[in-house]
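Chemist: The structure under discussion is supplied below as structure tokens; questions concerning it will follow.
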Ligand SMILES: [Zn+2]
């Protein structure tokens, strides 16, 4: 069986060749990762989680190079049914807190002949823990108001908690309304162009997810929620709030969802910051990072 060069799955490195190896191994062990295409999407992650349900107390959707999931998956397919027994035995021993694993293990004849699990398909709205700092937004900073104003000016004189229209005539010339793939948005022209490129990539990598994307808006001249001093980056039309299957994961939530987690690395590759790692988490929020913003001209 092949060696992996990097991790595969949720938060994984997901090199195409490694994803292909994992997909082949998942399929050989009776799971359904979707097409063997080297792309780590919802079905592949769902199949990894399903495979881990008999291996790990807490399936995490990630196959690490030297970890138990790959050690198990990369064994010859003939051992699939027989290796179910120790996993069940360990779980039984752990849940009862007494007795040896061996004495409680079901005999091999009791184990089903075929792999007993079918892959549990994950939904894009399934909850996942907030990402750790360092797993996303690497090298990407949220721009300060000072930096944005220096670059683009101020959209209007004053801000409240409510959306108000921009009044700065020079700034208004930069605002466009256009189709970016899954929906139409109104925002700053270069940010909207970047979004269109992002959604093109989403459509290529996760075509099914692309059809489930919605938005709660981009341009909105207001302050940051709960602040009377900080202007939201929505005021310049350089931020967007994303819905997955109609769901908007609320600000301050202690979770994200699978759809947002799959979008994040794509937004990051295009220089956008994901609000899930703000000190007040805002998982539905993505905004142009400081370095991307520095390429915009008023
Ligand atoms: Zn937002």
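We did not get these values from a lab; they are worked out from the coordinates using the rules stated. Computed from a prediction, not measured in an experiment: that's the story for all the values here. Using ideal geometry, Cβ is built from the backbone for each residue, glycine included, and neighbour counts are taken over all protein chains shown.
Chemist: Would you kindly calculate the translational diffusion coefficient of the stretch 193-296, applying Stokes-Einstein with the Kirkwood radius from alpha carbon pairs, for 25 °C and a viscosity of 0.890 mPa s, and quote it in µm² s⁻¹ without decimals? Mind showing how you got there, number by number?
Modeler: Values: Rh = 14.0 Å.
Translational D for this selection: 176 µm²/s.
Chemist: Apply 1/(1 + (r/R0)^6) to the Cβ-Cβ distance of residue 230 and residue 204, taking R0 = 30 Å, and write down the FRET efficiency to the nearest 0.05. Write out the running numbers ahead of the final one.
Modeler: Numbers: r = 36 Å, r/R0 = 1.19.
About 0.25, to the nearest 0.05.
Chemist: Suppose the chain between residue 160 and residue 17 were pulled fully straight at 0.36 nm per residue; how much longer would it get relative to their current alpha carbon spacing? Numbers along the way, then the final one.
Modeler: Details: separation 143, 0.36 × 143 = 51.48 nm, distance 5.05 nm.
Extra length from residue 160 to residue 17 when fully extended: 46.4 nm.
Chemist: Jot down the per residue volume, in cubic angstrom and as a whole number, of the convex hull over the alpha-carbon atoms of the stretch 153-208. Each step should come with its number before you reach the end.
Modeler: Working: hull volume 5.5 nm³, N = 56.
Cα-based convex hull of the stretch 153-208, divided per residue, equals 99 Å³.
Chemist: May I ask for the distance between the Cα centers of the stretch 196-217 and the stretch 261-298, given as a whole number of Å?
Modeler: Taking the Cα centre of each part, the stretch 196-217 and the stretch 261-298 sit 15 Å apart.
Chemist: Using the basic label-point model (7 angstrom from Cα toward the beta carbon), what is the residue 253 to residue 279 distance in nanometres?
Modeler: 2.3 nm
Chemist: Points 7 angstrom from Cα along the Cβ direction at residue 3 and residue 141: gap in nanometres?
Modeler: Distance between label points: 4.0 nm.
Chemist: Each label point is 7 Å from the Cα along the Cα-to-Cβ direction; what then is the distance between the points at residue 193 and residue 222, in nm?
Modeler: The modelled label-to-label distance comes out at 2.9 nm.
Chemist: May I ask you to derive the relative contact order of the stretch 159-202, considering only C-alpha pairs under 8 Å and at least 6 residues apart, and to give it as an integer percent? Display every interim value, and only then the final one.
Modeler: Numbers: 33 pairs, mean separation 12.0, N = 44.
27 percent.
Chemist: Which of rounded, prolate, oblate describes the stretch 160-247, given a ≥ b ≥ c as roots of the alpha-carbon gyration tensor eigenvalues and a/c under 1.5 marking rounded, otherwise prolate only if a/b is larger than b/c? If you can, show how the numbers build up before the last one.
Modeler: Values: a/c = 2.79, a/b = 1.61, b/c = 1.73.
Oblate.
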